[in-house]
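Notes follow once the structure below has been shown.
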Amino acid sequence: MSPTLRPASKSSTSKTPPHPLVDTLETGGTPVGVAVSEGRLFIADGAGLSIASLGDPAHPVLLGAVQTPDFAAGVAVHDTYAYVADSISGLQVVDIADPTAPAIVGSLDSPGVAYDLTAFMTASGMRVQLADGPGGLRIIDASNPALPVETGHLETPGDARDIDQAPGQGYIADTLSLIAFTAPDPTSPAMSGLIDPPGYVRIAGGCWRLRVSGIRPGRLPHRRCEQPVETGPGRRR
């Protein structure tokens, strides 16, 4: 049931949150990753992939779900396929043409633990970039969704946990460092920059912000987005 939001009284000193909760949606697991495409919400919820309609954003409706072999931790969507980072089961490719009946049509077992991924079209076909924990970065050709094939990989100093993509360059948070990489040749991705801040590194918003556990650095300037830049610690939480 949607919560009732009551305006604060004139004498109240409380502030209305900038983005108040308008509704909730229960899935079959623990949501840890989401993607939005074509008015639908795709949720990696541990148990698998759930799909919800956002036709009325205040009242999302669950349309369908499919279980994955392991723990679904991340999801990316392109066209009629969703790509799921499924922990020790690697990449799972899901046909979402019918959102009420999603189905796994292909998979690729990676050597590490798949936490996160990006998926986008290139001149040579569909590419998936997988943050594979101790397996580092794995570059996968998913042009044939039934038979994804690894084309290259890049070792990272720590466990690759988060990944995001900007035009021409990708970014990986590997718990120890923030890495910028390029992969014009998918068989040989290369590191193009690295910073090693004093903390546990996660990505929030791609190259726009670096989150370090316990420290809140400033914004990474747009003009320097091609190269990771440590901006120094901000105020502590």
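Test residue 31 against the stated conditions and say whether it is under 15 Å from the mean Cα position of the chain (by Cα), surrounded by fewer than 19 Cβ atoms within 10 Å (Cβ to Cβ) and either charged (D, E, K, R) or in a loop (DSSP other than H, G, I, E, B) (or both). Can you show your working first?
Details: under 15 Å from the mean Cα position of the chain (by Cα): yes; surrounded by fewer than 19 Cβ atoms within 10 Å (Cβ to Cβ): yes; either charged (D, E, K, R) or in a loop (DSSP other than H, G, I, E, B) (or both): yes.
Answer is yes for this residue.
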- Task: Can you run down the residue pairs with Cβ atoms below 7 Å, 6 or more apart or on separate chains, where the first is in the stretch 13-32 and farther than 18 Å from residue 75 by Cβ and at pLDDT 65 or above and the partner is exposed (fewer than 12 other Cβ atoms within 10 Å of the Cβ) and among the hydroxyl-bearing types (Ser, Thr, Tyr)?
- Result: 23/2
- Leading residue by the ranking (farthest from residue 114 (Cα to Cα)) among those in the stretch 78-101 that are among the charged types (D, E, K, R) and outside any strand (DSSP E or B): 98
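Being over 18 Å from residue 84 (Cβ atoms) and not in a strand (DSSP E or B) narrows it down to one residue among 145, 186; which is it? Don't jump to the end; show me each part of the working.
Working: 145 fails: over 18 Å from residue 84 (Cβ atoms).
Of 145, 186, the one residue that is over 18 Å from residue 84 (Cβ atoms) and not in a strand (DSSP E or B) is 186.
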- Message: Looking at residue 193 and the list (1) surrounded by fewer than 20 Cβ atoms within 10 Å (Cβ to Cβ); (2) modelled with pLDDT of 95 or more; (3) not polar (S, T, N, Q), which single condition is not satisfied?
- Response: (2)
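Given the criteria touching a strand residue (DSSP E or B) at 6+ places or on another chain (Cβ under 6 Å), of a type in the set (Val, Ile, Thr) and surrounded by fewer than 22 Cβ atoms within 10 Å (Cβ to Cβ), does residue 151 qualify? Spell out how you get there, then give the answer.
Values: touching a strand residue (DSSP E or B) at 6+ places or on another chain (Cβ under 6 Å): yes; of a type in the set (Val, Ile, Thr): yes; surrounded by fewer than 22 Cβ atoms within 10 Å (Cβ to Cβ): yes.
It is true that residue 151 is touching a strand residue (DSSP E or B) at 6+ places or on another chain (Cβ under 6 Å), of a type in the set (Val, Ile, Thr) and surrounded by fewer than 22 Cβ atoms within 10 Å (Cβ to Cβ).
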- For the stretch 172-183, what are the residues that are assigned to a strand (DSSP E or B) and either surrounded by 17 or more Cβ atoms within 10 Å (Cβ to Cβ) or at pLDDT below 90 (or both)? 172, 173, 175, 178, 179, 180, 181
- If you check residue 118 against the conditions, is it in a loop (DSSP other than H, G, I, E, B), of a type in the set (Ser, Thr, Tyr) and at pLDDT 95 or above? no
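Table: residues versus (1) under 20 Å from residue 186 (Cα atoms); (2) touching a residue at least 40 places away in the same chain (Cβ under 8 Å); (3) aliphatic (A, V, I, L, M).
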residue	(1), (2), (3)
37	no, yes, no
40	no, yes, no
60	no, no, no
90	yes, yes, no
96	no, yes, yes
105	no, yes, yes
121	yes, yes, yes
140	yes, yes, yes
147	yes, yes, yes
- Message: Whether any residue in the stretch 158-171 is over 12 Å from the mean Cα position of the chain (by Cα), in a strand (DSSP E or B) and more than 14 Å from residue 191 (Cβ to Cβ) is what I want to check.
- Response: yes
- Message: Could you go through the stretch 48-56 and let me know if any residue there is in contact with a strand residue (DSSP E or B) (Cβ under 9 Å, 6 or more places away or on another chain), modelled with pLDDT under 95 and not polar (S, T, N, Q).
- Response: yes
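The values are calculated or read from the model by the stated rules, or taken from the named source; none is laboratory data. What you see is a predicted model; the values in this text were computed from it and never measured. So basically every Cβ, Gly included, is an ideal-geometry build from the backbone, and we count neighbours across all protein chains shown.
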